[in-house]
Every structure is written in structure tokens, then in C-alpha cells.
Amino acid sequence: MSNPRAAGGFNIKETLTAVVISFTMAFVFRGFVIEGFLIPTGSMAPTLLGKHMLVRDPDSGYAWTVGPWDYVNGNPNLPYPVQGGTNGPIKLNDPVTGEPIELASERLRAGDRLFVLKYLKGVYDPSRWEVVVFKPPHEEPQNYIKRLIGLPGDQIALVDGDVFYAPKGSHAKGTGAEAWAENVWKIARKPERVQREVWRKVFDSTYTPPAPTQERFAPSERFRPPWVASGSGWTGLRDSRDYRYEGSSPTVLSWDDERWPIDDYTAYNQLRVGPQPFDRVIRDRTRPIFPVSDVSTHFGIEPESGPVKVTGSLTARGMEFRAVIDDAGAKVELREAPTTESTDIAWRTLDSSNRTGLITPGRVTNVEFWHVDQALWLFVDGKLVCGGPEKGAYELTPSGRVFASTGRELIELLRLNPNITNSALADTRIYRKPSLRWRFEGGPFTLHRVGLDRDLYYQCGRMPTLGGHPDHFPTLSDDDFMMCGDNSPSSLDSRFWDAEYPWVTESINHGEPQYGLVPRELLIGRAFVVYLPSPFKRGAIPMFDFTRMRWVW
């Protein structure tokens with residue numbers, strides 16, 4: 001009898017065996033290693049997208065994403081495939097230029113599809129700031145996706161938009177203002193890669209409407225930039241992507257924080273109704289918009305001939321932060337903000353570099369100055385030259401941060417209204433607004449891509465916010481985690497879960513509910529790549545924007 005394999009024959013048994021093994025391995029791989037998920041909502045926007053509209057301003061060229069405006073019978077889980085139409089036009093504002101845009105209708109895009117790497121206890125455990133898929137503890141089983149901000153054993157406090165934690169073994173004693181004043185607290189600083197992912201664009205001169213476009217408007221309606229120049233010699237601020245300075249004496253560009261507030265308004269939330277609607281006007285206390293002092297300011301500078309000294313200054317939280325680049329190198333400094341009574345206050349250098357020639361004539365040098373998570377960072381051409389999460393850091397306790405951000409002691413603010421639900425810390429009016437400027441010595445030079453970004457800001461609303469009040473902050477067990485959405489103003493997350501699914505209480509938490517916390521048993525894994533971004537239809541043919549395939553940080 002001949003051997004069918006040797007003769008090149010077809011062996012049904014071996015083929016079926018191979019198919020069964022392949023399917024088995026696929027199921028094992030999906031169950032224990034990697035699994036795909038589709039994002040349905042905008043709680044992580046614009047980092048990760050659920051159903052949304054992609055809008056482009058024809059004048060500036062800037063494109064951004066906006067959540068659904070209209071839903072079938074008001075069902076928040078069933079948006080219309082085409083937004084606008086019979087429900088009225090879609091009215092938006094370009095978040096970079098502020099120019100109004102009206103759309104008769106806009107087709108809705110589907111959410112991102114991503115791969116999730118499963119957590120295996122003892123092999124691969126969760127880390128702070130990872131984007132995590134899990135089963136929510138307060139609802140029937142389904143999938144949620146949020147950013148992990150609290151680890152097992154932590155105590156968590158959310159103050160002025162940032163995350164503070166007291167690790168296991170050094171917890172604050174008790175509750176109240178005294179607990180937030182203890183020196184056990186650390187601020188949770190984001191790694192550089194995560195930080196670059198979560199910056200939110202406030203302005204970029206790249207999207208300045210060109211002069212021919214602006215000519216069709218009346219002079220009073222034309223674009224006005226957020227940067228105000230001192231003295232003469234500047235050109236291009238109103239009608240060019242590049243700013244040109246023809247002089248040689250010291251000059252200053254200041255941010256117009258009255259017309260262009262630096263706050264946590266989120267362009268994705270320009271909705272017909274919701275937490276931050278398109279008109280941006282707070283007509284009541286239900287849609288808070290908070291000032292944000294964690295910012296990145298950046299540009300490319302191209303000196304024409306001689307050297308240029310560059311100094312960036314940010315005044316925030318009762319302090320002044322400064323980055324300096326000159327012939328001697330670079331440094332980052334801070335001091336108490338000067339007042340009319342005390343103007344000559346000494347600077348304290350946090351970090352410095354004696355590297356010379358950072359800015360040279362005849363070439364574009366990219367400069368970034370960050371103030372984020374209580375640390376200063378200074379980058380030149382994408383490389384950190386001084387500062388950072390250790391060398392550029394300054395430390396404040398949650399109580400100290402409240403005083404720095406408001407100018408008032410925490411205990412004083414708590415006396416204004418001791419009720420957690422109506423906490424004074426949720427009042428946007430008490431927080432100091434930041435101000436920013438750049439000083440240049442030498443010239444002439446040209447600035448390219450002059451921009452400003454702001455950080456994530458975890459709001460503490462007027463409803464009980466877990467972690468947002470010194471009488472209402474959690475202590476996590478050895479198997480609990482805390483999650484928040486990147487779209488902070490419109491994310492139902494650990495801050496606001498005030499219920500727990502009975503099965504979770506009885507089977508996992510042994511009859512003691514842990515409101516707002518996610519048990520380890522409900523974690524699925526870490527999102528690590530968007531493999532199929534936002535499919536949409538052009539006519540009857542589904543299309544994919546493969547340029548938005550990206551790693552998740």
C-alpha cells in the first residue's frame with residue numbers, strides 16, 4: 001500500500017487535526033493573550049474614539065472630532081447615522097481659531113477598534129496611566145475602557161485636575177483637611193510618552209486662516225491671534241502661520257488669557273446638549289469649565305544672523321516658572337510670583353545645562369517648555385535638556401496645592417460649605433488663572449508652529465466626587481484599582497460610581513461594597529494598539545483612515 005503523504009496525496013484526518021488545533025490555539029490566544037474590542041462611546045476622546053464626527057474647518061485646515069449630536073428617540077446608545085438634518089444644523093467652533101462653523105448634516109463614523117493585551121497576575125500586572133479594558137463594577141457585565149490612576153494600596157486625592165496618591169504603608173491618618181496636609185502624599189507624574197499622547201491642543205499658528213480667506217470678513221470679524229506682541233517689528237501674527245520679528249531689541253509675546261482662556265474645555269464635547277455645549281457659555285452651575293495651569297508651549301525659532309536669548313515665563317498657582325536658553329546653556333527656575341509689595345524675589349534653579357549652541361542662526365530649532373504634574377521640562381529639538389519628572393520637580397501636598405491654586409487655605413474653603421455634594425472645591429471661580437509669555441533678546445528671527453497645549457484635567461464636580469474632597473477620598477485594597485476617562489468632563493468613571501452590581505458585592509467584595517473601585521477580577525487587559533481606526537462610509541463603500549493606526553499610551 002502506498003503512503004499518501006509520500007505520494008503527495010490528501011490526508012483528511014491530518015487536515016482536520018490541523019484545523020482543530022489552529023482553532024483551539026486561536027481561542028486560547030484570544031482567551032489568555034490578546035483580544036480585539038470596539039470602542040462605543042467618547043469617554044476616552046480624543047485619545048480613543050467611539051462613534052463620532054470628524055470635522056474640518058475649510059479656512060484654517062484644522063480637523064477635530066466631535067461626539068454625536070442627535071439620538072434616536074433620545075436613546076444615548078443609538079445615535080443617528082447622519083447627524084443634523086431634520087434636527088437642525090450642527091453649530092461648532094474651530095477650537096484653534098474660534099471661528100464658527102455650521103454643518104447641515106454630517107455622517108457619523110464608527111469607533112476605534114483596538115487590541116488588548118490580557119493581564120496575567122504574576123506575569124503582567126497593571127501600571128498607573130495605562131489604558132485599561134475592564135468590566136464595570138456598577139452595571140451588568142459589559143466592557144468599559146478608562147485610564148488607570150489608582151493602584152492597589154493607594155489612597156487617592158484629585159486636586160486641581162491632578163492625581164495625588166499616598167502609597168501603601170504611608171497612608172494619611174483619618175480624613176479632613178489635616179489628612180491632605182500630611183507629607184505622605186506624592187503627585188502621580190505621567191511618563192513622557194503618555195504625556196505627549198494626552199496633551200490637548202489649545203492653539204497652533206499652523207492653522208491661522210490665510211490672508212485671502214480673511215479678506216471676505218469685516219475687519220472686526222477677522223481672526224485675532226492669542227499672542228500679543230510688545231512694541232513694533234512683528235509681522236504675520238494675524239494672517240500667517242509664521243511670526244516674523246524684524247527688530248533686534250528685547251521683545252515679548254504674551255498670551256491673551258482674557259480672550260483665549262486656558263481651561264479644560266474639550267472640543268469633542270461641542271454638543272447640542274451635554275456637559276460642555278458648543279456655545280461654551282456657562283449659564284448655570286451644571287457645566288463647569290476649570291482653569292488649567294499644566295501646559296506645554298512650543299515653537300520653532302529660526303534666527304537670521306546673531307544669537308537669540310529665549311525666556312519662557314508661566315505665572316500659575318501663586319508662583320512664576322521660567323525656562324531660559326542663551327549662550328551659556330539652559331535652565332528651569334521658579335519663584336513666588338512677584339506682587340506690588342515684593343517685586344525683587346530671587347529665582348530658585350531646579351535644573352540647568354551648560355550645553356551651548358542650542359539655538360543657532362540659519363536653522364530652525366524646536367523649543368518646548370512644559371509645566372505639568374508639578375514639574376518643569378525643557379526640550380530642544382525633541383531632547384530633554386533640563387528639568388523633567390525628577391530634576392525639574394517641586395513638591396506640594398494636596399492641601400498645599402489647594403492653597404497654591406486658589407490663594408486660600410483648604411480649611412477656610414471647607415468652611416464655606418462643609419457638604420461634599422456642594423463642595424467649594426467644585427467652584428471654578430476660586431481657581432487662579434494662568435498667564436504666559438515669551439521674551440526674546442536679539443534678532444531678527446522667525447517663529448514657526450507657535451502653539452500651546454494643555455494637560456488632562458480630572459474635574460471634581462458638585463456631585464460627590466470620589467477623591468475630590470478631603471472627607472471623601474478612597475483607600476484601595478490590595479486588589480482594587482481606580483479608573484478615570486480622558487474626556488474628563490463627560491466620563492462616567494470611578495469619580496462618580498455610587499452603586500455596585502449585587503454580584504460584585506457578594507462574590508468579590510464579600511458583602512462590603514467598594515463604590516468607585518474596580519476589583520482585580522474585573523480587569524481584562526491593557527489597550528496597546530488601534531489596528532482598525534474609525535471606519536466610515538463614503539457612499540456605499542466602507543472606508544478606513546489607516547493613517548490613524550497608532551499605539552495606545
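The values are calculated or read from the model by the stated rules, or taken from the named source; none is laboratory data. Values in this document were obtained by computation on a predicted structure and should not be read as measured data. A quick note on method: Cβ atoms are made from the backbone with ideal geometry, for glycine too, and the neighbour counts reach across all protein chains shown.
Residues in segment 61-96 that are touching a Leu at 6+ places or on another chain (Cβ under 7 Å) and without any contact (Cβ under 8 Å) to a residue 12 or more places away in the chain: A63, Y71, V72. Of all the listed residues (I149, I145, I156), the sole one being modelled with pLDDT of 95 or more, in contact with a strand residue (DSSP E or B) (Cβ under 7 Å, 6 or more places away or on another chain) and more than 22 Å from Y265 (Cα to Cα) is I156.
Any residue at all in segment 125-139 that's buried (at least 23 other Cβ atoms within 10 Å of the Cβ) and over 30 Å from T547 (Cβ atoms)? So far as segment 125-139 goes, yes, one or more of its residues are buried (at least 23 other Cβ atoms within 10 Å of the Cβ) and over 30 Å from T547 (Cβ atoms). Total residues in segment 68-98 satisfying the condition of being under 30 Å from R238 (Cα atoms), surrounded by fewer than 19 Cβ atoms within 10 Å (Cβ to Cβ) and not small (G, A, S): the figure is 3. Per the listing Y119, Y144, the residue uniquely closer than 30 Å to P464 by Cα, assigned by TED's automatic domain parsing to the domain that holds C484 and either basic (K, R) or in contact with a Pro (Cβ under 8 Å, 6 or more places away or on another chain) (or both) is Y144.
In segment 445-473, which residue that is of a type in the set (A, V, I, L, M, F, W, C) and farther than 23 Å from A267 by Cα is nearest to the chain's Cα centre (by Cα)? Lay out the reasoning, then the answer.
Of the residues in segment 445-473, the ones of a type in the set (A, V, I, L, M, F, W, C) are 445, 447, 450, 452, 456, 460, 463, 466, 473.
The next check asks that each one be farther than 23 Å from A267 by Cα; those that pass are 445, 447, 463, 466, 473.
On the way: F445: 32, L447: 26, M463: 22, L466: 20, F473: 22 Å.
This residue is L466.
Across segment 202-231, the qualifying residues are those that are in contact with a strand residue (DSSP E or B) (Cβ under 9 Å, 6 or more places away or on another chain) and surrounded by fewer than 18 Cβ atoms within 10 Å (Cβ to Cβ), and the one among them that is farthest from R439 (Cα to Cα) is T206. Just one residue in the set T315, T311, T339 is free of Cβ contacts under 8 Å to residues at least 24 places away in the same chain, within 27 Å of Y431 (Cβ to Cβ) and either not in a strand (DSSP E or B) or not small (G, A, S) (or both); that residue is T339.
Looking at segment 43-60, which of its residues are in contact (Cβ under 8 Å) with a residue 60 or more places away in the chain, in a strand (DSSP E or B) and hydrophobic (A, V, I, L, M, F, W, C)? Spell out the reasoning first.
Residues of segment 43-60 that are in contact (Cβ under 8 Å) with a residue 60 or more places away in the chain, as a first pass: 43-52, 54, 57, 59-60.
Remaining after also requiring in a strand (DSSP E or B): 52, 54.
Across segment 43-60, the qualifying residue is only L54.
A single member of T311, T297 is among the β-branched types (V, I, T), at pLDDT 90 or above and over 30 Å from G67 (Cβ atoms), and it is T311. For V116, the stated conditions hold: it is surrounded by 17 or more Cβ atoms within 10 Å (Cβ to Cβ) and part of a strand (DSSP E or B). Scanning segment 307-317 for residues that are out of contact with any Ser or Thr (no Cβ under 8 Å at 6 or more places or on another chain) and either under 18 Å from L396 (Cα atoms) or of a type in the set (A, V, I, L, M) (or both) turns up V308, V310.
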